[in-house]
Structures are given as C-alpha cells and as structure tokens.
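What follows is one structure encoded as structure tokens, with my remarks underneath.
None of the figures in this text is laboratory data; all of them are computed from the coordinates on show. Everything numeric here is computed off the predicted structure, so don't read it as measured data. Cβ placement follows ideal geometry from the backbone for every residue including glycine, while neighbour counts extend to all protein chains displayed.
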Amino acid sequence: MNEFYPTVPNVSYEGTKTDNPMAFRFYNPDEIIVGKTMREHLKFAMAYWHTMCADGTDMFGRGTFCKTYGASDPMDLARRKVYAAMELMDKLQLDYFCFHDADIAPEAETLGETNKRLDEISDLLAEQMKAHNKKLLWGTANCFNHPRFMHGAGTAPNADVFAFAAAKIKKAIELTVKLGGNGYVFWGGREGYETLLNTDMAQELDHMAYLLSLTTEYGRQIGFKGDYYIEPKPKEPTKHQYDFDAATVLGFLRTYGLDKSFKLNIEANHATLAGHTFQHELRVARINNAFGSIDANQGDLLLGWDTDQFPTNAYDTTLCMLEVLEAGGFTNGGLNFDAKTRRGSNTPEDLALSFIAGMDCFALGLRVAQKIREDGRLAQFVRDRYSSYESGIGKRIAQKQATIKELEDYAISLGEVTTNISGRQEYLENLMNSIMFGC
Ligand code: XUL
Ligand code: CO
C-alpha cells in the first residue's frame with residue numbers, strides 16, 4: 001500500500017523549546033511519572049469514525065476534507081482505511097483505537113451481507129493490528145445512523161427495530177472479542193424521546209435495560225473479559241436522552257440491577273452539554289466505583305451542541321487527570337479522542353497537528369496533576385475543611401452513631417453555630433494558577 005499521509009512525519013518528543021510543530025512538547029511516551037510511563041498513564045486512542053471517516057460535512061455544506069484514500073468502491077475504501085489508520089497511528093505514536101461496526105465496513109442490503117463484510121474487514125484489522133502492535137480500546141455498534149433507528153434502537157416502539165439492534169450489538173461484541181478489545185461502549189444514540197405525547201417512557205426504559213442485559217450476558221458467554229461502559233449524553237440527537245448524565249445512568253442501572261455490570265465512559269463535551277463540568281462527571285463516576293474510560297474532547301461553551309473538538313484546555317485536562325490519578329489510573333479504559341478537526345482545518349497536516357495538540361494537552365494535564373498531588377496543599381485544604389467530623393459530635397455523625405435526640409440536645413446547647421470557616425475559593429483558584437504556571 002502507498003503512503004496515505006506523506007506530509008506527516010513520525011512525531012516524537014522534542015520538549016518545550018522546540019519550534020517544530022510536528023513534535024510533542026509535553027508528551028514523552030516513555031518518561032516515567034509516578035511509577036508508570038506516560039504512554040501507560042494516558043492510553044491514547046484514535047476514534048475511527050472521526051479520524052478515518054468524517055470529512056467535515058455539516059448541515060450547511062459538504063465535506064471539506066478528502067477521505068476517499070484513492071479507493072475505487074466502498075469495500076476497497078474500507079480496506080484502505082485500515083492501512084491508513086495503521087500508518088497514522090504509527091506516525092503519531094497512538095497505541096489504541098475505537099470503532100463502531102459501521103465505521104469499518106459499509107452496510108449492505110441485508111444484515112447477513114453486512115456481517116460478511118464486517119468479517120472480512122475485521123480479519124484485515126486483526127492482521128494489521130498484529131503487524132503494527134495496535135490495540136482495541138473499545139468497540140461499539142452504530143444503532144443511530146440508519147433510518148430504521150429513527151425512533152431509537154432498544155427504545156424504539158417497533159419490535160423489529162429492537163431485534164435489529166440486538167443483532168447488531170451481538171455482532172459488534174463478537175468483533176470486539178475477535179480483536180481483543182478491552183471494552184465495549186453503549187452510547188444511547190437515539191435512545192430518548194422528542195415528545196411524551198407519543199412516548200411510553202416506562203416501557204422504553206424497560207426495553208433498554210433488557211437489551212443491555214441480553215447483549216452483555218451474551219458477551220460474557222463468548223469470552224468477553226473487558227469492561228462494559230455506558231456513555232452518558234444529555235441531548236443530541238434526541239431532545240431528551242435517557243442516558244442524560246452520570247448520575248442518571250447510575251440510577252437507571254441500579255433500578256434494573258445492572259450497576260455491577262457497567263462502568264461509565266465519560267465524554268468531556270457531553271458533560272458540558274449536561275450543564276456539568278467534565279470534572280464533575282468524572283467525580284460522580286469515581287465515587288460510585290464506576291470510573292471506566294474517557295472520550296477526550298471539548299465543546300465550545302458558546303455553542304449548544306456536540307462540537308467534538310480536540311482538547312486544548314489545559315485547565316480541564318489537569319482537573320481530569322487529577323480525577324484519573326485519584327481513581328488509581330486506567331485499568332481497561334483510556335483516553336479516546338472522540339474529536340475531529342474543525343471543518344476549516346482540512347488537511348492531513350491539520351489532522352496530525354490536532355492529535356499532537358490533544359495528546360500534548362493531556363500530557364501537560366498529567367504533569368500538572370502530579371505536581372498538584374506532590375504539592376499537597378489542595379488535598380490538605382479539603383481534609384481540613386471536614387476536620388470537625390474527626391472528634392466530638394462530628395465523629396459520632398461520621399460513624400453514624402449519633403441519635404436525633406442527641407443532635408437536638410447538642411444543637412440547643414450550642415445556642416448558635418459560631419464557627420463557619422471560609423471556603424477560600426479564590427485563594428484555591430490562585431493556588432491552582434501558581435502550581436500550573438508558576439515558574
Ligand atoms: C456521540 C458519541 C459517540 C460515542 C460512541 O456523541 O460520543 O461517538 O462515543 O458511539
Ligand atoms: Co463519545
């Protein structure tokens with residue numbers, strides 16, 4: 001196969017002093033930070049759909065980025081994408097990728113034919129992954145693009161659509177197992193509603209849970225050992241998505257007894273669409289033992305949709321990596337760049353520069369997060385803030401031994417609360433700046 005990205009060189013670490021745009025300034029893959037290489041900490045992955053497929057088409061205009069790879073027909077295109085993906089991942093030192101079934105092979109007239117195409121391309125992927133030492137972070141099924149899914153997949157009012165979704169997910173899990181995937185993601189796609197005037201919400205949620213248990217149990221039967229993730233998102237494409245945010249998903253999983261079977265895949269842009277910070281969603285996942293994997297991108301807070309930009313906000317990546325380090329790091333998960341270059345950044349060099357920006361931004365986030373942990377003042381501040389629970393009445397509350405009568409007697413004896421210590425938000429924000437930027 002010809003080279004697909006002749007203008008993209010092999011990218012390596014050159015440090016902050018370099019003026020070479022095709023170099024990492026902060027990401028030094030083999031450098032050890034607290035016992036692990038940066039490569040092991042960050043586990044960067046390429047999203048096949050954006051990187052190999054998306055050409056910049058939006059509702060106002062056609063593609064701006066050529067992603068035809070010189071192919072003569074759709075299956076030739078699918079094969080060429082495999083080689084192109086390996087070349088790009090090699091050049092950018094990306095070890096992992098993620099895919100939907102529909103990203104790797106075009107859908108045929110029937111599901112049977114589509115599955116044959118998937119078998120052929122996954123054989124090629126398996127061979128090339130071995131040759132290039134690439135790993136699958138997670139696989140998934142696209143149950144939202146085709147017109148059959150216009151009312152949802154597992155939550156569709158039409159039972160035939162439910163059956164189709166189950167069959168597609170079954171196949172996508174088989175492909176994930178075949179390619180040695182560490183995870184399998186369920187993103188709700190169109191699992192939501194536009195209006196309650198035509199929607200039986202209770203039945204739709206029941207069906208969604210049933211689809212999850214059917215497919216995940218099947219995965220275990222065929223030897224899937226990785227993690228299942230749910231990826232919360234509040235809106236887009238439907239007005240109200242059932243997997244609104246981390247807390248909603250955890251509540252849903254508990255209702256259906258599925259909480260032990262799933263972790264969460266937190267996406268930065270989905271967090272902000274839900275009116276949360278990225279860190280909030282990660283924290284909710286972490287404290288509920290559901291931290292799994294991350295879709296690393298960022299939104300534009302002035303826009304109300306999922307812009308899927310490459311992450312360049314070092315403040316956000318720092319707070320993210322703090323959560324990741326506090327969670328003990330990734331196990332099966334990693335940082336998947338569910339991100340695309342802007343429509344006007346339409347060259348292969350832009351693609352490389354976008355990955356470099358995203359990888360450097362997370363590498364910087366990891367370095368600063370570790371500095372914050374070493375510094376210790378933030379963590380100490382939070383510990384001190386709750387120190388009233390370490391003795392006296394506070395200790396009895398913390399140990400859940402206090403009775404309501406005892407608390408009343410204590411409150412009466414106090415007369416009034418006389419000590420309420422400042423939260424010192426502005427001091428802490430300045431402390432963050434001094435650790436991040438202090439020279
Ligand atoms: C959609 C989204 C998906 C999932 C996988 O917003 O994030 O690409 O990550 O289906
Ligand atoms: Co995503």
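Per-residue Cβ neighbour counts within 10 Å put Tyr193, Tyr83 in the sequence Tyr83, Tyr193, beginning with the fewest. Sequence-distant contacts, meaning Cα pairs under 8 Å at least 6 residues apart, place the relative contact order of the chain at 15 percent. Measuring r between the beta carbons of Phe437 and Thr277 and using R0 = 22 Å, the FRET efficiency lands at 0.60.
Dividing the helix sum by the residues of the chain, where each DSSP H run of 4 or more adds -39500 (n - 2.57), gives a mean residue ellipticity at 222 nm of -14500 deg cm²/dmol. The overall shape of the stretch 227-298 is oblate: from the C-alpha gyration tensor, with semi-axes ordered a ≥ b ≥ c, the ratio a/c is 1.5 or greater and a/b is no larger than b/c. Assuming a ≥ b ≥ c are the square roots of the Cα gyration tensor eigenvalues, decide whether the chain counts as rounded (a/c under 1.5), prolate (otherwise, with a/b larger than b/c) or oblate. In terms of gyration-tensor shape, oblate. Centre-to-centre, using Cα atoms only, the stretch 262-330 and the stretch 365-419 are separated by 27 Å.
Among beta bridges identified by DSSP and lying wholly in the chain, the antiparallel ones come to about 20 percent. Straight-line reach from Lys178: taking Cα to Cα under 16 Å and skipping same-chain neighbours fewer than 8 places apart, the aspartates and glutamates in range are Asp101, Asp119, Glu120, Asp123, Glu127, Asp227. Among the chymotrypsin sites (Phe, Trp or Tyr not before Pro) in the stretch 204-237, none is located in a DSSP loop while being surrounded by at most 15 other Cβ atoms within 10 Å of its own Cβ. For the pair Asn145 and Thr255, label points projected 7 Å from Cα toward Cβ lie 3.1 nm apart.
Sorting the segments 123-129, 198-204, 92-98 by their mean number of nearby beta carbons within 10 angstrom, highest to lowest, gives 92-98, 123-129, 198-204. Only one residue of Gly188, His146, Thr199 has its Cα farthest out toward the positive end of the dipole of the stretch 146-241, where Lys and Arg carry +1 and Asp and Glu -1 on Cβ, and that residue is His146. Among the trypsin sites (Lys or Arg not before Pro) within the stretch 352-412, those in coil by DSSP and having at most 14 neighbouring Cβ atoms inside 10 Å are Lys400.
Rounded, prolate or oblate, given the Cα gyration tensor of the stretch 91-133, with a/c below 1.5 counting as rounded?
Judged from the Cα gyration tensor, the stretch 91-133 comes out prolate (a/c at least 1.5, a/b above b/c).
Distance from the alpha carbon centroid of the stretch 342-362 to that of the stretch 170-203 works out to 29 angstrom. Relative protection proxy for 317-324, 273-280, from highest mean packing down: 317-324, 273-280 (other beta-carbon atoms within 10 angstrom).
Within the P(r) computed for the stretch 17-146, what percentage of the Cα pairs occupies the region above 27 Å? Summing the P(r) tail past 27 Å for the stretch 17-146 gives 29 percent. Proximity of backbone amide H atoms, modeled 1.01 Å from N, is registered between Gly292 and Leu264, Ile266 at under 5 Å, excluding neighbours fewer than 5 places apart on the same chain.
For the stretch 306-414, state which chymotrypsin sites (Phe, Trp or Tyr not before Pro) are in a DSSP loop and have at most 10 other beta carbons lying within 10 Å of their beta carbon.
Sparse-neighbourhood loop chymotrypsin sites (Phe, Trp or Tyr not before Pro): Tyr386.
Axis angle, to the nearest 10 degrees, between helix 246-255 and the longest C-alpha principal axis of the chain: 90 degrees.
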